[in-house]
1. Each residue of the stretch 79-89 in turn: what ³J(HN,Hα) in whole Hz from Karplus with 6.51, -1.76, 1.60 and θ = phi - 60°, glycine and Pro shown as x?
2. Which whole-Hz couplings ³J(HN,Hα) result when phi for each residue of the stretch 23-35 is put into the Karplus expression 6.51 cos²θ - 1.76 cosθ + 1.60, θ = phi - 60°, listed in order with x for Gly and Pro?
3. Name the residues whose placed amide hydrogens come within less than 5 Å of the amide hydrogen of F174, ignoring near sequence neighbours (fewer than 5 apart) on the same chain.
4. I'd like the Karplus ³J(HN,Hα) series for the stretch 189-204: coefficients 6.51, -1.76, 1.60, θ = phi - 60°, whole numbers in Hz, and an x wherever there's a Gly or Pro.
5. Past 32 Å, Cα to Cα, is the threshold; run K7/K146; K130/K171; K48/K130; K56/K146; K8/K56 against it and keep the listed order.
6. Modelled label-to-label distance, K12 and M143, 7 Å Cα→beta-carbon offset: nm?
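Only the coordinates and a few stated rules stand behind these numbers; no lab work does. Predicted, not measured: the structure shown is a model, and the values here were computed from it. Reconstructed Cβ throughout: ideal geometry from the backbone, glycine too, with neighbour counts over all protein chains shown.
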Amino acid sequence: MSLEVIKKEITKFFGENIVPDNHQRLEIANDSDKTKMTIFESESTGFKWIRVILPKETEILPFKVDKKDYYVIFKYKKNCEAAALISINEKIYLVLFELKSTLRLEKLEDIKLKITSSLYLLLAVLRFIKFEPKNFLAIVGFMRDKLLFEPTDFDMDKMDKKQRELYKEWKSGFFVVNDVYGSKIKIRIIRGSCQSEIDLRSCLSPKQ
């Protein structure tokens, strides 16, 4: 199913707000040799942002997931900044974006919760139109990274089991989420500094 068809099917049932033509937090620009997708923390300030560099031929379908109205029937009300389906090399990825001021051990649960909440919303929408993504990315931007340093034994002792598992997932580069059907979804984590670019052209090559 092409992204154009996916958008058409979504708007049949859910309206246009969830797949807006002009996304206020996600900006797409094309250069001669690449596509640039910039994600902003809020609609009013440009202080916190991160830019993702993609191959020129990438097709993008942005999703707006920051409206609380979408979450009325969902258990969790938190959400990430934005999301998008990207089609590249005959492969479609569901990408979720979250920006933080400072990465800390105690913030990992909040990061994963926002990504998971938005993931469940979008899976419900996409499965309703009989499309199911197979590849998942979480782009996490930050101003300061306090997780560059390994936690001490004392830090690890203070963590409960859930926090330790989250830290292991973060270090492994994948969040693991329980699907509503009982299977596991692995979301590849890609980290980068805010106000900078992440070049994904090599890691989204046909071999990946």
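1. 8, 8, 5, 6, 8, 7, 8, 10, 10, 8, 6
2. My calculation for the stretch 23-35 gives 7, 6, 10, 9, 10, 10, 9, 10, 9, 5, 10, 7, 10 Hz in order.
3. Excluding prolines and chain starts, which carry no amide H, the hits are I189.
4. The phi angles translate into 9, 10, 9, x, 6, 4, 6, 8, 10, 10, 8, 9, 5, 7, 7, 10 Hz.
5. Listed pairs above 32 Å: K7/K146; K130/K171; K48/K130; K56/K146.
6. 4.5 nm
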